[in-house]
Structures are given as structure tokens and as C-alpha cells.
1. Go through the stretch B:3-27 and count every residue that is under 20 Å from residue A:111 (Cβ atoms), touching a Pro at 6+ places or on another chain (Cβ under 9 Å) and of a type outside the set (Ser, Thr, Tyr).
2. Does residue B:34 satisfy the condition of being among the charged types (D, E, K, R), within 10 Å of another protein chain (Cβ to nearest Cβ) and over 18 Å from the mean Cα position of the chain (by Cα)?
3. Given the conditions (1) facing chain B (nearest Cβ under 8 Å); (2) within 22 Å of residue B:69 (Cβ to Cβ); (3) not aliphatic (A, V, I, L, M), and given that residue A:106 satisfies all but one, which numbered condition is not satisfied?
4. Quick one: is residue A:40 modelled with pLDDT under 95, more than 14 Å from chain B (Cβ to nearest Cβ), more than 15 Å from the chain's Cα centre (by Cα) and on the phi > 0 side of the Ramachandran plot?
5. Name the strands (runs of 3 or more DSSP E) wholly inside the stretch A:65-125 in which the number of residues that are of a type in the set (Asp, Glu) and within 20 Å of residue B:47 (Cα to Cα) is 3 or more.
6. Given the conditions (1) over 18 Å from the mean Cα position of the chain (by Cα); (2) outside any strand (DSSP E or B), and given that residue A:28 satisfies all but one, which numbered condition is not satisfied?
7. Which residues, counting only those in the stretch A:79-103, are among the charged types (D, E, K, R), out of contact with any Gly (no Cβ under 9 Å at 6 or more places or on another chain) and at the interface with chain B (Cβ under 7 Å from one of its Cβ atoms)?
8. Looking only at the stretch B:58-70, which residues are more than 7 Å from chain A (Cβ to nearest Cβ) and in contact with a Ser or Thr (Cβ under 7 Å, 6 or more places away or on another chain)?
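The values are calculated or read from the model by the stated rules, or taken from the named source; none is laboratory data. None of the values given here were measured: they were computed from a predicted structure. Don't worry about glycine lacking a Cβ; one is built from the backbone with ideal geometry, like all the others, and counts go over all protein chains shown.
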Amino acid sequence: MWNRREVILGSLGLVVGLPRPALAGQDNGSGKLIEAFTGGKTPGEGKLSLTMPEIAENGNTVPLTVRVDSPMSPSDHVQEVLVVATGNPAPEVARFHFSPASGVAQADTRMRLAKTQDVVALARMSDGSLQQARTTVKVTIGGCGG
Amino acid sequence: MARPRVKAPKTATAGEVIVVKTLISHPMESGQRKDDAGQIIPRKIIRRFEARYAGTLVFAMDLAPAISANPFIEFNLKPDASGELELTWIEDGGEQYSHSQTITVK
């Protein structure tokens, strides 16, 4: 018989050694898109909010709100917000370009979600700093015309 | 084919942030779908939305095929003085649709 230590070590080896096609297959290029936006910098959190429903019955039209806490003055405002879908056929969803004349850095739209996935939003401020927000949406019926 | 509808106030007070709601009827053909013969239906989407106020670009959006059919876009505007709000939707291929209205700031 194996003792407990051997069993535990053995099963660890099995998990690590398994090929991971499932995980690799999930990459739709969202990582690269995020990297291109951030330039490798780590975004902060807390100022950007991405609001979406927790459960979307119809993936064809899922409401989305991005909002950034910013004074929106000529010297300190939000320039751009990128929305990325991690589980759609293509990662890019939208880019919003704001200006001080926006008054409030908020935009709403409706998007397609092919399946349950994380949606990521990234914001770039006029001083170059970055903010990130992420939310998970459960999708009942996918929305890419499959 | 594409018809824009816009809801924005006609008047605002100085310093007020107003909300502009827009909707344009458009299939936003994603380029992912196939027709009955199995041929991919070519992508045709509204790829860009621009809002100008008194001649200055104040808000824009780049749209990907992941935006739903009949794209709904809502944004904010803080008009300092009266002016013309000009909205433009640009389709793949370059065709443009537009809407304009005057906002009076009191």
C-alpha cells in the first residue's frame, strides 16, 4: 500500500502534468489587447466601475455602464476606456473617448456575450495613470449568432 | 438603412451635465455568422461614433462587432454655451449617418 504522503505527491504530479488544452483554448487574444493598452503597467483599482448584470438571459444584448471617478478638468480627466470580452470570438468590445466637455466620465451601451465570461474595463487618465475593473456575467443564451 | 434616434435636452443651465441617449437601427453584422449555404456573411457594422459640440469633438466611441444590433450609446456633455450638437455614425465602408440639434444654454 502507498502511504498518505506518496498518494498526495502522486496526485499533485498528475495535476501539474496534465496538458491544458481547455485553458489554452480560452485565450481569445484578450491578454494581448490588455497588454497593448497598459503597456505592461499594472492598473490601479477603485476609480473605474464596470456595471453589468450578474446574469444575462440573452447574450445578444447585455447592458454595460462604465464610469470613472474623475474631476474631468482640462488638467485631470479620463481620456479613454477600453472594454474587453475574455470569452467572445474577438476580445475588443468598445473604446470610449472622453474629453473635459464630457463633464462626467460615464458611457452606456449594450454588448454581445457569446457565453459566460469575465468582462474587463481599463481606463487611461490624462496623466497616463491606469485603472481597471472586472466583472463576471453568466449568460443563459449566447449572443454571437452561433 | 440605418436610422438614428436621439434624446437630448433642448435647453440646459450653465454648468449642468446633460445626458445624450442615442440609438441607431443597424444589424451590426458581426462577420461571425454564416448564411444558409454555409458562407460567412461579411462584417458590416457601425465602427465609429462621434459627438461634436460647437465644432469640437467632445466624445467618441470605437465599436467592435461585440456591440449589439441597433447600437445604443449614452454619454454625458457639459455645454458651457449654446451650440450645435452634431452626431455622426460611421459604417464599415465609410458610409455616414448623422443627426444634429441645437442646445440652448441659459
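1. Just the residues of the stretch B:3-27 that are under 20 Å from residue A:111 (Cβ atoms), to begin with: B:4-5, B:19-27.
If we keep only those that are touching a Pro at 6+ places or on another chain (Cβ under 9 Å) too, we end up with B:19-20, B:22-26.
When the remaining residues are screened for being of a type outside the set (Ser, Thr, Tyr), the result is B:19-20, B:23-24, B:26.
Residues in the stretch B:3-27 being under 20 Å from residue A:111 (Cβ atoms), touching a Pro at 6+ places or on another chain (Cβ under 9 Å) and of a type outside the set (Ser, Thr, Tyr): 5 in total.
2. Numbers: among the charged types (D, E, K, R): yes; within 10 Å of another protein chain (Cβ to nearest Cβ): yes; over 18 Å from the mean Cα position of the chain (by Cα): yes.
In short, yes.
3. Answer for residue A:106: the failing condition is (2).
4. On the way: modelled with pLDDT under 95: yes; more than 14 Å from chain B (Cβ to nearest Cβ): yes; more than 15 Å from the chain's Cα centre (by Cα): yes; on the phi > 0 side of the Ramachandran plot: yes.
Yes; evaluated as a whole, the condition is true for this residue.
5. Working: elements: A:78-85, A:92-97, A:105-111, A:117-125.
So the answer is none; nothing clears 3.
6. Every listed condition holds for residue A:28 apart from (1).
7. Step one: filter the stretch A:79-103 for residues among the charged types (D, E, K, R), giving A:80, A:92, A:95.
Filter again for out of contact with any Gly (no Cβ under 9 Å at 6 or more places or on another chain), leaving A:80, A:95.
Hit for the stretch A:79-103 is A:95, nothing else.
8. Quick first cut of the stretch B:58-70, residues more than 7 Å from chain A (Cβ to nearest Cβ) only: B:69-70.
Across the stretch B:58-70, the qualifying residue is only B:70.
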